Amino acid sequence: MKKLSGYGTLPDVVCSTDIEFSEFMFYLYLPVKMAGAEWDYSEIPANLHFLYQMLDKIEVENDDYVYVTAKNMWYEAGGTYNREGWHSDGFMTKDINYIWSDGLGTEFVTGQFLLSQDHDQSLYELSCINSKGSVTSFPSGTLLKLDEKVIHRPPALTESGMRAFVKISVSKDKYNLKGNSHNHLIDYNWETCDRKATRNDPICSTQKDK
């Protein structure tokens, strides 16, 4: 099985921005731009307009899809806000992800990791990382840019409370798993696939085979 090196870089810092959620929220991979469409914000739901100052900072090409994940939720101590464990967003793709949170920042591990180009095997390899002394997080309100080489995990939740989190995903592919948020401002009807329990790979395997 082919392995590639170079994993374990830090994300790029885009800017620091203060935004405020006015409601509880859970959007998951909501498409706000289709490939070939103008990037003019016309297909962003009104209750996400407060993200404009963040969306202004991302890099988008005409043939890109853009997806918004936006969560403002109560969490319980002892759990994790997203799926636990070290992982890579956009693994084995050229997808770019921008993430932001208002506290309890995502943790990043640095190193030179050799990973199998397989979702399941790479997760096993990442679970063996000894991260002592190599974990970094960023201040609240920092917008970060990640490619597939950035290895990270959600923070441990030691106290209960609220947390806001935003991820903006830029991809050439459809994110069409069951359970993803549907944008009723856009007319589309995608084939959808079940998501795996082990990893939230946002692209259907049938799409990859085409």
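Here are the numbers:
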| item | result |
| --- | --- |
| Qualifying residue in the stretch 187-199 (condition: of a type in the set (Val, Ile, Thr), open to solvent by less than 20 Å² (accessible area, probe 1.4 Å) and either modelled with pLDDT of 90 or more or in a strand (DSSP E or B) (or both)) | no |
| Filter result (touching a residue at least 60 places away in the same chain (Cβ under 8 Å) and aliphatic (A, V, I, L, M)) within the stretch 128-148 | Leu143, Leu144, Leu146 |
| Residue in the stretch 18-29 that is over 16 Å from the mean Cα position of the chain (by Cα), within 14 Å of Val166 (Cβ to Cβ) and of a type in the set (Phe, Trp, Tyr) present | yes |
| Unmet criterion (only one of (1) without any contact (Cβ under 8 Å) to a residue 60 or more places away in the chain; (2) under 23 Å from Gly179 (Cα atoms); (3) assigned to a loop (DSSP other than H, G, I, E, B); (4) of a type outside the set (A, V, I, L, M)) for Asp40 | (2) |
| In the stretch 168-186, residue surrounded by the fewest Cβ atoms within 10 Å (Cβ to Cβ) [restricted to those that are of a type in the set (Val, Ile, Thr) and in a strand (DSSP E or B)] | Val170 |
| Checking Cys204 against (1) touching a residue at least 40 places away in the same chain (Cβ under 8 Å); (2) crowded, with 17+ Cβ neighbours inside 10 Å; (3) out of contact with any Pro (no Cβ under 6 Å at 6 or more places or on another chain), the condition it does not meet | (1) |
| Checklist (1) modelled with pLDDT under 90; (2) more than 20 Å from Thr80 (Cα to Cα) applied to Ser131, failing item | (2) |
| Selection count where residues are open to solvent by 50 Å² or more (accessible area, probe 1.4 Å), outside any strand (DSSP E or B), among the hydrophobic types (A, V, I, L, M, F, W, C) and under 24 Å from Phe138 (Cβ atoms), scope the stretch 1-37 | 1 |
| Any strands (runs of 3 or more DSSP E) falling wholly within the stretch 86-167 and containing at least 1 residues that are under 19 Å from the mean Cα position of the chain (by Cα) and surrounded by 13 or more Cβ atoms within 10 Å (Cβ to Cβ) | 96-101, 107-109, 142-146, 151-153 |
| Failed item, numbered, when Asp56 is tested on (1) open to solvent by 70 Å² or more (accessible area, probe 1.4 Å); (2) touching a Gly at 6+ places or on another chain (Cβ under 6 Å) | (2) |
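The values are calculated or read from the model by the stated rules, or taken from the named source; none is laboratory data. Because the structure is predicted, anything quoted here is derived from the model rather than measured. For neighbour counting, all protein chains shown are included, and Cβ atoms are generated from backbone atoms with ideal geometry for every residue, glycine included. Just the protein is used for accessible areas: all its heavy atoms, side chains included, with ligands, DNA and RNA removed. Shrake-Rupley method; radii C 1.70, N 1.55, O 1.52, S 1.80 Å.
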